[in-house]
Amino acid sequence: QVQLVESGGGLVQPGGSLRLSCVGSGIILSDNLNRWYRQAPGKQRVRVASMASNGNTLYGDSVKGRFTISRDNAKNTVYLQMNNLKPEDTAIYYCNSLSYNSESWGQGTQVTVSS
């Protein structure tokens, strides 16, 4: 059974940092295209960062230069390092892993940026 479990969300002040983790079970994350999405209240889910199996990365314009996606193959974990957080980064963050024949989602972790 494939499972993605996110953690690391919380409440942080503007300008602060958080690191989200996505641990995979029943799936080898390094074989897949892994992505982080976020969904703010009343808005559509949008992709913020992605990492291909070869390590290539892409970022949404709103997070470029502040967020970094990375992967630890030994731990079968994908991370999202978020720096210089802004109130508009407040959302539920979801981990997603896409292979040639399946797509998996985590349950989401809440990130709130507020003073």
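Going by the conditions given, is Arg66 basic (Lys, Arg) and touching a strand residue (DSSP E or B) at 6+ places or on another chain (Cβ under 6 Å)? Here the answer is no, as Arg66 does not meet what is asked. Looking only at region 63-75, how many residues end up being under 14 Å from the mean Cα position of the chain (by Cα) and either in a loop (DSSP other than H, G, I, E, B) or of a type in the set (Asp, Glu) (or both)? Qualifying residue count, region 63-75: 4.
If the condition is being open to solvent by 60 Å² or more (accessible area, probe 1.4 Å) and either of a type in the set (D, E, K, R) or out of contact with any Ser or Thr (no Cβ under 9 Å at 6 or more places or on another chain) (or both), then region 72-100 contributes Ala74, Lys75, Lys86, Glu88, Tyr100.
Condition first: farther than 16 Å from Thr112 by Cβ and open to solvent by 60 Å² or more (accessible area, probe 1.4 Å). Can you find one or more residues in region 10-22 that meet it? Don't jump to the end; show me each part of the working.
Kept after step one, since they are farther than 16 Å from Thr112 by Cβ, are these residues of region 10-22: 21-22.
Applying the additional criterion that residues be open to solvent by 60 Å² or more (accessible area, probe 1.4 Å) yields none.
No - not one qualifying residue is present in region 10-22.
Consider region 43-62 and keep the residues that are in contact with a strand residue (DSSP E or B) (Cβ under 7 Å, 6 or more places away or on another chain), over 21 Å from Tyr100 (Cα atoms) and assigned to a loop (DSSP other than H, G, I, E, B). The one that is most open to solvent (accessible area, probe 1.4 Å) is Arg45.
The values are calculated or read from the model by the stated rules, or taken from the named source; none is laboratory data. On a predicted model such as this, the values are computed, not experimentally measured, just so you know. With ideal geometry, Cβ positions are generated from the backbone for all residues, glycine too; neighbour counts draw on all protein chains shown. Each accessible area value is taken on the protein alone, full model and side chains, heavy atoms only, with ligands, DNA and RNA left out. Shrake-Rupley method; radii C 1.70, N 1.55, O 1.52, S 1.80 Å.
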